[in-house]
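Worksheet for the structure shown next.
The values are calculated or read from the model by the stated rules, or taken from the named source; none is laboratory data. The shown structure was predicted, so the numbers you read here are calculated from the model rather than taken from an experiment. We place every Cβ from the backbone using ideal geometry, glycine too, and count neighbours over all the protein chains shown.
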Amino acid sequence: MLPFWIAPSILSADLARLGDDVARVLAAGADVVHFDVMDNHYVPNLTFGPMLCQALRNYGVTAPIDVHLMVEPVDSLVPQFAKAGASIITFHPEASRHVDRTLQLIKDEGCQAGLVFNPATPLSYLDYVLDKVDVILLMSVNPGFGGQSFIPATLDKLRQARQLIDQSGRPIRLEVDGGVKVDNIAAIAAAGADMFVAGSAIFSQPDYQQVITAMRTELAK
Ligand code: DX5
Ligand code: ZN
């Protein structure tokens, strides 16, 4: 297993003070910035693009930026986000006509590449591309909004993904996104996840350090 990573989703941050809020959450012990890109087409919501990613880099954010593309089509945004400072780029395979090509494009642009699985998307999309995947992201809510409840069937799917990763022998990250809280993070880790996106659970609290520390305490159990 890789070391646990906590990845606050800036979807729930104070967008009018984003630089400060991201700096605060990183100072509070977060490992990665989770950056949700929504296009009002693949998902029924609209967020932000490469300019904001670049703005965070210009502000001085040096932590990895995990760009979660909820967009269709995918490919045209990949070079733009790579140039804007993305570290990881994940996309939903059903939103790309050529999944293998998109994964290769992300890697050629110098980023880590990942596939994202909605609650009802089968893991079989991994069948012929696992060797090109650095991150498997399982959605534990339907994508589009923060603040939804964790779908329990994700735990079984995490166990299946964990098996695939262990069989591959490669250091693939297993990320989970949606409804992650202090009171369920231990069960999610026990099912095999090593990277935890949390938006509302962290940003709704006044003291980010307290939440992140509580999550780490749960993960150490
Ligand atoms: C949902 C996004 C998530 C979201 C998670 O489409 O991909 O990253 O921000 O938010 P919480 O942690 O509030 O469920
Ligand atoms: Zn996300």
- Task: Sort out which residues of segment 66-105 are in contact with an Asp or Glu (Cβ under 9 Å, 6 or more places away or on another chain) and among the β-branched types (Val, Ile, Thr), and write them in order of number.
- Result: 67, 71, 78, 88, 89, 90, 102
- Message: Condition first: over 16 Å from residue 172 (Cα atoms) and more than 14 Å from the chain's Cα centre (by Cα). Now tell me which residues in segment 128-148 satisfy that.
- Response: 147, 148
- Message: One residue is enough: does segment 178-200 have a residue meeting the conditions within 10 Å of ligand 1 (Cβ to nearest atom) and either more than 16 Å from the chain's Cα centre (by Cα) or β-branched (Val, Ile, Thr) (or both)?
- Response: yes
- Given the structure, is residue 149 of a type in the set (Ser, Thr, Tyr), at pLDDT 95 or above and within 16 Å of ligand 1 (Cβ to nearest atom)? yes
- Query: What residue, of 69, 77, is closer than 19 Å to residue 172 by Cβ and surrounded by 15 or more Cβ atoms within 10 Å (Cβ to Cβ)?
  - Reply: 69
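Would you check if residue 86 is in contact with a helix residue (DSSP H, G or I) (Cβ under 7 Å, 6 or more places away or on another chain), of a type outside the set (Asp, Glu), in contact (Cβ under 8 Å) with a residue 40 or more places away in the chain and surrounded by 19 or more Cβ atoms within 10 Å (Cβ to Cβ)?
On the way: in contact with a helix residue (DSSP H, G or I) (Cβ under 7 Å, 6 or more places away or on another chain): yes; of a type outside the set (Asp, Glu): yes; in contact (Cβ under 8 Å) with a residue 40 or more places away in the chain: yes; surrounded by 19 or more Cβ atoms within 10 Å (Cβ to Cβ): yes.
For residue 86, the condition - in contact with a helix residue (DSSP H, G or I) (Cβ under 7 Å, 6 or more places away or on another chain), of a type outside the set (Asp, Glu), in contact (Cβ under 8 Å) with a residue 40 or more places away in the chain and surrounded by 19 or more Cβ atoms within 10 Å (Cβ to Cβ) - is met.
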- Taking segment 151-176, which residues are assigned to a loop (DSSP other than H, G, I, E, B), surrounded by 20 or more Cβ atoms within 10 Å (Cβ to Cβ) and within 16 Å of ligand 2 (Cβ to nearest atom)? none
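Quick check: is even one residue across segment 65-76 within 16 Å of ligand 1 (Cβ to nearest atom) and in a helix (DSSP H, G or I)? Full working, then the answer.
As a first pass, look at segment 65-76 and keep what is within 16 Å of ligand 1 (Cβ to nearest atom): 65-72, 74.
If we keep only those that are in a helix (DSSP H, G or I) too, we end up with none.
No, segment 65-76 contains no residue that is within 16 Å of ligand 1 (Cβ to nearest atom) and in a helix (DSSP H, G or I).
Report, by residue number, each residue of segment 116-149 that is in a loop (DSSP other than H, G, I, E, B) and aliphatic (A, V, I, L, M).
Going residue by residue through segment 116-149, those that are in a loop (DSSP other than H, G, I, E, B) are 118-122, 127-129, 133-134, 140-149.
Result: 120, 129, 133, 141.
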- If the Cβ limit is 6 Å and pairs must be 6+ apart or interchain, which residue in segment 177-195 that is on the phi < 0 side of the Ramachandran plot and part of a loop (DSSP other than H, G, I, E, B) pairs with which residue that is more than 12 Å from ligand 1 (Cβ to nearest atom) and aliphatic (A, V, I, L, M)? 182/214; 191/155; 191/158; 193/158; 193/174; 194/1; 194/2; 194/174
